[in-house]
Amino acid sequence: NAGVMQNPRHLVRRRGQEARLRCSPVKGHSHVYWYRQLPEEGLKFMVYLQKENIIDESGMPKERFSAEFPKEGPSILRIQQVVRGDSAAYFCASSPWASGGYYNEQFFGPGTRLTVL
Amino acid sequence: AQSVTQLGSHVSVSEGALVLLRCNYSSSVPPYLFWYVQYPNQGLQLLLKYTTGATLVKGINGFEAEFKKSETSFHLTKPSAHMSDAAEYFCAVSDRSEGAQKLVFGQGTRLTINP
């Protein structure tokens, strides 16, 4: 069984360029989460998506960041006009869905390490 | 709002010694609780979780944790440390609302094992 796939694993961008991070969830999972890990810090929630819908984007910076999870294809986290402060590890997780408040485990990908020069 | 505090950003123990990593949470209702492990340059792996039922939870690699509601704690323990346990450990919480399953993480504890 393939787990959560993220690519690229490492991405280097110069200030002002765009970064596109891709996440393919576990087959059959309909929910994707993005987290950011700044150096020497824990993971911070960014956004939670269902196919073609953003459920919760309360952790997303207001500008330059966007996320999508189309009907077909991977989820994309897009960062426009990157700055040095965007350098971090970005992790994607996926889960299935169940009703009634039953918890579903999030499975994490290996992360994309973004370096902004 | 939920929050997680991990006491001690770095913990060092000798091989064979007890491992104790502390986690306290703040939540208006008892949340779901998790411990994750992260090896260098890798993603997070779930060690164990508490959702309901028995408050002492056993996980992989010999780790266990106990949910203590009165102390709002979920400390992680292992009776005898192994060199392969050296990693970063994260405590996390999630609320029980249906559809609101984002994880709130602590800042992490780096565990070093001395030979």
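Values quoted throughout were computed directly from the atomic coordinates according to the rules given, and no laboratory measurement underlies them. Not measured: the values here are computed from a predicted model. Here the Cβ positions follow ideal geometry from the backbone for every residue, glycine too, while neighbour counts run over all protein chains shown.
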Among B:Lys49/B:Lys78; A:Lys27/B:Lys58; B:Lys58/B:Lys102; A:Lys44/B:Lys68; B:Lys78/B:Lys102, which pairs are too far apart, with a Cα-Cα distance over 19 Å?
A:Lys27/B:Lys58; B:Lys58/B:Lys102; A:Lys44/B:Lys68; B:Lys78/B:Lys102
If you rank A:Lys51, A:Lys27 by fewest surrounding Cβ atoms within 10 Å, what's the result?
A:Lys27, A:Lys51
When a/c is below 1.5 the answer is rounded, else prolate if a/b is larger than b/c, else oblate, so apply that to the stretch A:24-64 with a ≥ b ≥ c taken from the square roots of the Cα gyration tensor eigenvalues.
oblate
Based on the Cβ-Cβ distance from B:Thr52 to A:Ser58, what FRET efficiency comes out when R0 is 22 Å, to the nearest 0.05?
0.25
For chain B, modelled as a GNM with alpha-carbon contacts under 10 angstrom, which of B:Ser84, B:Ser26, B:Ser70 fluctuates the most?
B:Ser70
The protein assembly as shown - charge dipole about Cα centre, Lys and Arg +1 at Cβ, Asp and Glu -1, debye rounded to 20:
560 debye
With unit charges on the beta carbon (Lys/Arg positive, Asp/Glu negative), name the residue among B:Pro40, B:Leu103, B:Leu20 whose Cα is farthest towards the positive pole of the charge dipole of the stretch B:4-111.
B:Leu103
Cα gyration tensor shape for chain B, rounded if a/c is under 1.5, else prolate or oblate
prolate
Starting from the Cα of A:Lys71, draw a straight line to each of the aspartates and glutamates and keep only those under 17 Å, dropping any in the same chain fewer than 8 residues away.
A:Glu52
Using Cα springs under 10 Å in a Gaussian network model of chain B, which residue among B:Glu88, B:Glu71, B:Glu15 shows the largest mean-square fluctuation?
B:Glu71
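Going by how many other Cβ atoms sit within 10 Å of their own, how do B:Met83, A:Met60, A:Met46, A:Met5 line up, fewest first?
Neighbour counts put them in this order, fewest first: B:Met83, A:Met5, A:Met60, A:Met46.
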Under unit Cβ charges (Lys, Arg +1; Asp, Glu -1), what dipole magnitude, rounded to 20 debye, does chain B have relative to its Cα centre?
140 debye
About its Cα centre, what dipole magnitude does chain A give when the only charges are +1 on Lys and Arg Cβ and -1 on Asp and Glu Cβ, stated in debye to the nearest 20?
480 debye
